[in-house]
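One structure is given below, encoded as structure tokens.
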Amino acid sequence: MFVYFWNKEARILRIVQPRLEGLVPNVLVVQKTRFKITEPLANLCHSSMNQLPDWVHQSLDLPLRFAQVREDPSLDAWVVERLPEDATLLVVGSGGCTLAVLATLPNVRSVHVVDPNSAQLALCRVKLALLRHQDPASRLEFLGHRSLAREVREDQLSRICDEIGDPVSIFGPTNSIIEVGLDYAGRYESVFRQISRAIATHPDEVLDLLRLESASEQARWLQTHPEFVARLLETFDHVMDLENLVALFGETATQNPVMSFSTHFFQRTIHALHSYEANTNHFLWQVLATLAESKPTAQWLRQPRQDVSVNLCYEAETVQSYLTQTDTEFDYIHLSNVLDWLTVEEARSLLELTWNRLKPKGYTLIRQLNSDLPIRTLSDHFTWLDEESDVLHREDLSYFYRGIHCGQKL
């Protein structure tokens with residue numbers, strides 16, 4: 001495993017390989033590389049406190065914060081498969097990808113889909129409609145992963161919105177939606193589009209990396225391409241500048257950080273390239289080559305066309321608000337990374353609400369992105385499944401999270 005440090009002033013990338021020798025854990029092998037970045041990244045960042053880059057201003061017109069879900073649904077499926085028959089779930093709506101997987105599991109009877117953003121709930125309904133009516137290839141075309149004539153995509157969107165009872169306008173500027181497809185019409189997707197564009201100075205180079213067949217080959221490639229690694233770090237610094245993120249997602253989404261979000265995403269991406277086979281990991285492609293025509297796809301997009309017969313209840317509420325109001329008891333409460341957005345007291349309160357609304361032996365699963373919340377110490381009620389959580393974290397293909405917390409009501 002290598003650790004990368006980019007000294008902006010000296011323009012030196014330090015590639016550090018920790019190595020254990022006996023009982024001494026901090027012996028280091030260091031390689032220093034000097035290089036020059038030829039293409040400026042100024043267009044990706046703002047030049048003053050009051051000036052945001054054009055792509056941020058354009059993204060503010062998009063009501064969808066997240067068009068795709070950066071979560072590995074196999075973690076949630078692992079939990080749900082342990083539930084009894086006729087299970088009742090609460091799922092954070094977001095981009096609908098996790099919902100589309102869980103709603104097709106045979107032991108699920110009903111799903112309460114919760115999101116304060118009505119556009120996100122509409123997107124969830126669209127994706128379930130696609131699962132019912134379209135095969136995988138057609139879904140990829142409609143959502144923007146493959147080419148499709150504008151008039152065809154526009155006609156399909158109109159028909160689907162008529163079916164689910166939502167106006168096309170709920171997703172924002174129609175021309176933009178038709179051009180890029182719904183899976184690329186969110187603010188988070190705009191962030192990763194800028195990252196992919198910035199590192200695509202030599203696009204074949206990025207694709208060469210992502211098409212390697214093992215993590216060990218990827219690690220060697222990174223070691224021999226320090227210019228790429230440094231450019232990636234500088235790109236994250238510019239695109240994921242805190243002011244950009246606050247403008248796009250609000251201050252609450254960026255509180256309690258362990259480190260800057262740009263550093264977090266850079267480190268997690270490098271970790272993933274050392275740990276997972278990139279050629280099958282669609283989360284890596286979303287970040288590094290989201291504009292590629294041919295790339296791996298999300299689990300729900302590969303599922304065959306099928307009926308979705310579960311009972312669905314959509315609630316335009318925060319999870320906290322809905323758990324306060326509802327009398328329903330759940331077998332599983334999917335909290336995504338909601339706690340990252342909360343203060344310590346708010347997080348403690350949400351865990352209390354979650355405990356109260358879970359059935360005996362019910363589960364919750366929490367993803368922790370970049371917050372410093374001591375999540376497992378905030379609730380004495382839950383039995384935290386430490387070993388299972390660690391295994392799930394190691395196997396989590398959505399590599400963005402620094403922690404996974406699986407708790408059970410025993």
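Checked against the criterion of being under 18 Å from the mean Cα position of the chain (by Cα), of a type in the set (Val, Ile, Thr), at pLDDT 95 or above and assigned to a helix (DSSP H, G or I), region 231-238 has no qualifying residue. Here the condition is being surrounded by fewer than 21 Cβ atoms within 10 Å (Cβ to Cβ), among the small types (Gly, Ala, Ser), out of contact with any Lys or Arg (no Cβ under 9 Å at 6 or more places or on another chain) and not in a helix (DSSP H, G or I); of SER169, SER158, SER176, SER147, it holds for SER147 alone. Of the candidates THR290, THR263, the single residue that is of a type in the set (Val, Ile, Thr) and out of contact with any Phe, Trp or Tyr (no Cβ under 7 Å at 6 or more places or on another chain) is THR263.
Note on region 364-403: residues that are in contact (Cβ under 8 Å) with a residue 24 or more places away in the chain, touching a strand residue (DSSP E or B) at 6+ places or on another chain (Cβ under 7 Å) and within 22 Å of TRP285 (Cα to Cα) amount to 8. Against the definition (over 21 Å from the mean Cα position of the chain (by Cα) and modelled with pLDDT of 95 or more), how does ASN356 come out, yes or no? Criteria met by ASN356. Against the numbered list (1) in contact (Cβ under 8 Å) with a residue 60 or more places away in the chain; (2) farther than 30 Å from GLY165 by Cα, THR326 comes up short only at (2). If you go through region 379-391 and pick out every residue that is among the aliphatic types (A, V, I, L, M) and either surrounded by fewer than 13 Cβ atoms within 10 Å (Cβ to Cβ) or assigned to a helix (DSSP H, G or I) (or both), you end up with 1.
On inspection, THR297 does not qualify as among the β-branched types (Val, Ile, Thr), surrounded by fewer than 19 Cβ atoms within 10 Å (Cβ to Cβ), touching a residue at least 24 places away in the same chain (Cβ under 8 Å) and not in a loop (DSSP other than H, G, I, E, B). Based on this model, can you work out whether LEU130 counts as aliphatic (A, V, I, L, M) and free of Cβ contacts under 8 Å to residues at least 60 places away in the same chain? Criteria met by LEU130. Quick one: is ARG231 of a type in the set (Lys, Arg), more than 23 Å from VAL69 (Cα to Cα) and surrounded by 14 or more Cβ atoms within 10 Å (Cβ to Cβ)? Against the criterion (of a type in the set (Lys, Arg), more than 23 Å from VAL69 (Cα to Cα) and surrounded by 14 or more Cβ atoms within 10 Å (Cβ to Cβ)), ARG231 qualifies. Kindly indicate which of ARG394, ARG376, ARG367 is among the basic types (Lys, Arg), surrounded by 15 or more Cβ atoms within 10 Å (Cβ to Cβ) and part of a helix (DSSP H, G or I). Residue meeting the stated conditions: ARG376. Among the residues making up region 397-410, those that are crowded, with 19+ Cβ neighbours inside 10 Å and closer than 21 Å to LEU90 by Cβ are SER398, TYR401, ILE404, HIS405, CYS406, GLY407, LYS409. When each of ALA247, ALA219 is tested for being at pLDDT 95 or above, small (Gly, Ala, Ser), over 29 Å from SER275 (Cα atoms) and in a helix (DSSP H, G or I), the lone residue that passes is ALA247. Scanning region 177-200 for residues that are out of contact with any His (no Cβ under 9 Å at 6 or more places or on another chain) and polar (S, T, N, Q), we see that the one that is farthest from ALA230 (Cα to Cα) is SER190.
In region 397-410, how many are in contact with a Phe, Trp or Tyr (Cβ under 8 Å, 6 or more places away or on another chain) and in a loop (DSSP other than H, G, I, E, B)? The total comes to 5. The residues in region 132-157 that are touching a helix residue (DSSP H, G or I) at 6+ places or on another chain (Cβ under 6 Å) and more than 20 Å from LEU64 (Cα to Cα) can be counted, and the count is 4.
Every residue, every condition in (1) of a type in the set (Val, Ile, Thr); (2) touching a strand residue (DSSP E or B) at 6+ places or on another chain (Cβ under 8 Å); (3) within 20 Å of ASP54 (Cα to Cα), yes or no:
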| residue | (1), (2), (3) |
| --- | --- |
| ARG193 | no, no, yes |
| SER196 | no, no, yes |
| GLU205 | no, no, no |
| ASP208 | no, no, no |
| SER216 | no, no, no |
| GLN223 | no, yes, no |
| VAL229 | yes, yes, no |
| GLU234 | no, yes, yes |
| VAL239 | yes, no, yes |
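Table: residues versus (1) surrounded by fewer than 19 Cβ atoms within 10 Å (Cβ to Cβ); (2) among the aliphatic types (A, V, I, L, M); (3) within 19 Å of LEU232 (Cα to Cα).
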position	(1), (2), (3)
ALA247	yes, yes, no
VAL258	yes, yes, no
THR263	yes, no, yes
THR269	no, no, yes
SER275	yes, no, yes
ALA278	no, yes, yes
ASN281	no, no, yes
LEU284	no, yes, yes
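Among the residues of region 199-218, is any under 30 Å from HIS238 (Cα atoms), without any contact (Cβ under 8 Å) to a residue 12 or more places away in the chain, of a type in the set (Gly, Ala, Ser) and surrounded by fewer than 18 Cβ atoms within 10 Å (Cβ to Cβ)? Yes, that holds for at least one residue.
The values are calculated or read from the model by the stated rules, or taken from the named source; none is laboratory data. Note that the coordinates shown come from a computational prediction; the quantities given were computed from them, not determined experimentally. Don't worry about glycine lacking a Cβ; one is built from the backbone with ideal geometry, like all the others, and counts go over all protein chains shown.
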